[in-house]
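The values are calculated or read from the model by the stated rules, or taken from the named source; none is laboratory data. On a predicted model such as this, the values are computed, not experimentally measured, just so you know. Cβ: placed from backbone, ideal geometry, glycine included. Neighbour counts: every protein chain shown. Each accessible area value is taken on the protein alone, full model and side chains, heavy atoms only, with ligands, DNA and RNA left out. Shrake-Rupley method; radii C 1.70, N 1.55, O 1.52, S 1.80 Å.
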Amino acid sequence: MTTWQKGRELVTRQRQRDEGQLRAFVDHLHAMQPPLHRVPGTAVFLNRGKDTAPLALRANVEHNQVLHEHVLILAIETMPVPHIPAAERITVDDLGYKDDRIAHITARFGYMDAQDIPGLLPLIRQADTESLLDEEKLSYFLSRIELVRGAAPGMSRWRKRLFVATSRITADAAEYFRLPRERTLVMGSRIEL
């Protein structure tokens, strides 16, 4: 357990550095000259919270030099209650810019609620998200991190080996969130422990 806790702590710290602040990243997008080319459709980027930019969004901008016409950054929170009513399920934040078609959505689920992301679409349509949610032009992006052992301080070599091995035994996020495989893209990065 202590190996898992220490490993998660090291990975979280490195991931936060790699992701950077979400608001600063959105400010950077607005300051880019010339502006990024916007491609048709809506991109839903799953993220761990509201503070950092999703790695998949950052990679899409840096490597592909594009931004989807509509961008939704979606964070999931599991609350310590069995169920969350639909009326309390989502909150929307425009991240400081009106009419830029980029929004952050926090979706709250009770611990007994199925975390069905496509099932949120009717609620998102009702909210003021500046986004057209045509399911035929909607893509889901997941960030995946590959962990590798390295020379970074913080854990002994045997603990790193154990943590990397156990971290590979994780649930499939696309399946867990009930994302359609044909419209789900996984973009990764690497963290060295």
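Details
- Value of relative contact order over the chain, rounded to a whole percent, pairs C-alpha under 8 Å and six or more apart: 24 percent
- Distance from the stretch 135-193 to the stretch 25-44 (C-alpha centre basis), Å: 25 Å
- Report note on the peptides 98-108, 151-161: ranked by the mean count of other C-beta atoms within 10 Å, highest first, their order is 98-108, 151-161.
- Rounded to 0.05, the FRET efficiency of the His83 and Leu36 pair, given R0 = 30 Å and the Cβ-Cβ distance, is 0.15.
- Karplus 3J(HN,Hα) series, Hz, for the stretch 6-12 with 6.51 cos²θ - 1.76 cosθ + 1.60 (x for Gly, Pro): 5, x, 4, 4, 5, 5, 4
- Ligands, DNA and RNA excluded, the heavy atoms of Glu88 present near 110 Å² of accessible surface to a 1.4 Å solvent probe.
- Per-residue extension of 0.36 nm, minus the Cα-Cα distance of Thr166 and Val148, leaves a gain of 5.3 nm for this segment.
- Förster radius 25 Å - calculated FRET efficiency between Asp27 and Ala59, Cβ distance, rounded to 0.05: 0.85
- The chain, helix-only ellipticity at 222 nm - DSSP H runs n ≥ 4, -39,500 (n - 2.57), divided by all residues, nearest 500: -9000 deg cm²/dmol
- ³J(HN,Hα), Karplus 6.51/-1.76/1.60, whole Hz, each residue of the stretch 43-58, x for Gly, Pro: 10, 10, 9, 6, 9, 7, x, 10, 7, 10, 7, x, 4, 5, 5, 4
- Efficiency of FRET between Arg178 and Lys137 - r from beta-carbon atoms, R0 22 angstrom, step 0.05: 0.70
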